[in-house]
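The values are calculated or read from the model by the stated rules, or taken from the named source; none is laboratory data. Nothing here was measured: the structure is a model prediction, and the numbers come from that model. A quick note on method: Cβ atoms are made from the backbone with ideal geometry, for glycine too, and the neighbour counts reach across all protein chains shown. SASA here: full protein model, heavy atoms, side chains in, ligands and nucleic acids out. Shrake-Rupley method; radii C 1.70, N 1.55, O 1.52, S 1.80 Å.
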Amino acid sequence: MPRVSEDHLTARREQILAAARACFLRKGLHNTSMQDLIKEAGLSVGAVYRYFKSKDEIIAAIADGVVGGIQAAIDRIASRRLSLLESLRLLLDVIDAQTGPGGALPIALHIWSEAMIDPAIRTIAHDRYSALRGSVRVLVEHAVESGELPPETDVDDVAGAVFALLPGYALQRLLLGNPDKESFLRGVRTLYGP
């Protein structure tokens, strides 16, 4: 029996995740069953369970993809050691790209919602978003090191505040369609000074 290539395995896994994202966006996480996912993927039960043992494993894989892409972007921005406001400007570009069609944030909204009622999903969200906040913390550390923020700055407090701006902006973009990036940045500058 010929061995299945790594590319084939990756493609099959992505096929299942794409089917899951489509189902979750259409029906929500809670209302989507494994049977729905299997039907959407067009695969056998055994094929799907070969890759994922449960719906929670699929949700965790999707959350990893959502957070992983955004975290990689934050890490790239942090490596540039820009001002905190300029870093925020670039992060908002990442958010804008992820709120559009095919972006990761509409599915993140479903994960956030389900995390409020499902302890397993709450654990997934907690772990992934704690890692994201850790990446934002690096931006704040750089701002302290450069003198942009005072040396006595509580880095964790400021990282929490900066991190809160990202999902706040994303939710407004998803639910209201505004503000645009420049309006949001003007608001941030007005609140926090020049």
| In whole Å and largest first, what semi-axes does the C-alpha gyration tensor of region 25-87 yield when each eigenvalue is scaled by 5 and square-rooted? | 36, 13, 8
| said: Name the residue from 187, 108, 47 whose Cα lies farthest towards the positive end of the charge dipole of the chain, charges +1 on Cβ of Lys and Arg and -1 on Cβ of Asp and Glu. | reply: 47
| said: Once the cut-off is 22 Å, how many percent of the Cα-Cα pairs in region 92-194 end up in the long-distance tail? | reply: 40 percent
| Could you give the dipole magnitude of the chain about its Cα centre, charging the beta-carbon of Lys and Arg +1 and that of Asp and Glu -1, in debye to the nearest 20? | 700 debye
| note | The ³J(HN,Hα) series, computed from each phi in region 29-44 with the Karplus coefficients 6.51, -1.76 and 1.60 at θ = phi - 60°, rounded to the nearest Hz and given as x for glycine or proline, is 5, 4, 8, 9, 9, 4, 4, 4, 5, 5, 4, 4, 6, x, 10, 6
| request: Can you tell me the relative contact order of the chain? Whole percent, Cα pairs under 8 Å, sequence separation 6 or more. | output: 20 percent
| task | Evaluate the Kirkwood expression for the hydrodynamic radius of the chain, namely the inverse of the mean inverse distance over all pairs of different C-alpha atoms, and round to one decimal in Å. | result | 18.3 Å
| query | Given charges of +1 on the Cβ of Lys and Arg and -1 on the Cβ of Asp and Glu, with all other atoms neutral, how large is the dipole of region 43-125 about its Cα centre, in debye to the nearest 20? | reply | 180 debye
| Residue-normalised accessible area of the chain, given per residue in Å² at a 1.4 Å probe | 54 Å²
| query | Roughly how many nanometres apart are two label points built 7 Å out from the Cα toward the Cβ at residue 86 and residue 22? | reply | 4.3 nm
| request: Only helical DSSP H runs with n ≥ 4 go in: add -39500 (n - 2.57) per run for the chain, normalise by residue count and round the 222 nm mean residue ellipticity to 500 deg cm²/dmol. | output: -25500 deg cm²/dmol
| query | Can you count the Lys pairs in the chain with C-alpha separation below 29 Å, eight or more apart or on different chains? | reply | 5
